[in-house]
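Some notes on the structure that comes next.
FYI, it's all coordinate maths here, none of it is from the lab. Keep in mind that this is a model prediction, so the values were computed, not measured. Cβ coordinates were reconstructed from backbone atoms using ideal geometry, including for glycine residues, and neighbour counts include every protein chain displayed.
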Amino acid sequence: MIQHFLLRRSSALFAALSFMLVAIKLLLEVGLSDLQLRDQAAAFTWQLVLTIIAVGFVGLLADRAGGFPEPLTDPKRDRRGAKLASFSGMIYGVITIVMYAGHPSHSPLNTWSGWDHIALPWSIPFYAFGAIFLEYFLRLGALCIGFYVLFAFVLRRHFRMPVFWSLNLIIALYEIWPYTAIDIQKSDWRRVALTPLEPLYLSNVFEGWLLLRYGWLAPIIFRMAFYLVWHILFGGLAAGLYGY
């Protein structure tokens, strides 16, 4: 049984992505002479990297037990999911650039710390690392594990879709919550009410749907495509236009 588990293609895929996390972590340590890179990469400690891989592995088990599509088992579905995830991720990247160009200080992805992008060529491994890391945490971890616990143990395999979508809508708040919290502190209730319409929130909801429809690899592809357009291309080439 263990041998069957290890020989499954999706197990090899998870192992390859996890090895990539470790390899990029080692690579980033070589590049820590860059001040901005050092500050951002320092947050990804070895303990945190190994923990997120462990979370991802438990999420992989929960994903299979929960009956979600398994990557690399249906070539036609996998190709369709990869194309959709890549295209929609790039479109979201373009939308984010347009939003930032129109109102840089009001962008929901602006951390108010200057130019929020790592310079090329280090941005390529850095954001590949970030995409895998975040999807292990949000989709395999929070969504798949949370879904399996509620669906299988709490609700005894009833209300599958209501459980999934309720969790998906809640977990999608993770990235946008810091900005929504600021709006709450300011009593800007109009902006709080518009949170469900923010592209940052909707993109996370969409990633949950990608997992439901095409498996856990599709959200990773979506985020990598988004980071390629937003962080790597725009962030690497447009800094001079904004005085950075």
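Helix 199-214 versus the longest principal axis of the chain: what is the Cα-based angle in degrees, 0 to 90, to the nearest 10?
Result, in degrees: 20.
Which of the peptides 143-156, 182-195 is most tightly packed, and how do the rest follow, going by the mean number of other Cβ atoms within 10 Å of each residue?
Highest mean packing first, the order is 143-156, 182-195.
Between THR73 and ALA12, what is 0.36 nm times their sequence separation minus the Cα-Cα distance? Round to one decimal in nm.
20.7 nm
Rank-order 196-207, 212-223, 122-133 by packing density, defined as the average count of other C-beta atoms within 10 Å over each peptide's residues, highest first.
In decreasing order of mean packing, 196-207, 212-223, 122-133 become 212-223, 122-133, 196-207.
Could you work out the relative contact order of segment 2-242, using alpha carbon pairs under 8 angstrom and six or more residues apart, expressed as a whole percent?
Reported relative contact order: 33 percent.
State the Kirkwood hydrodynamic radius of the chain in Å, one decimal place, computed from all pairs of distinct Cα atoms.
Its Kirkwood hydrodynamic radius stands at 19.1 Å.
Cα centroids of segment 124-183 and segment 197-244: how far apart, whole angstrom?
16 Å
So how tilted is helix 75-102 from the main axis of the chain? Cα-based, degrees 0 to 90, rounded to 10.
Approximately 20 degrees, to the nearest ten.
Tell me the angle of helix 46-65 to the major Cα principal axis of the chain, expressed in degrees between 0 and 90 and rounded to the nearest ten.
On a 0 to 90 degree scale, this one is about 40.
Beta carbons within 10 angstrom, averaged per residue: use that to sort the peptides 228-234, 61-67, highest first.
The packing order, highest mean first, is 228-234, 61-67.
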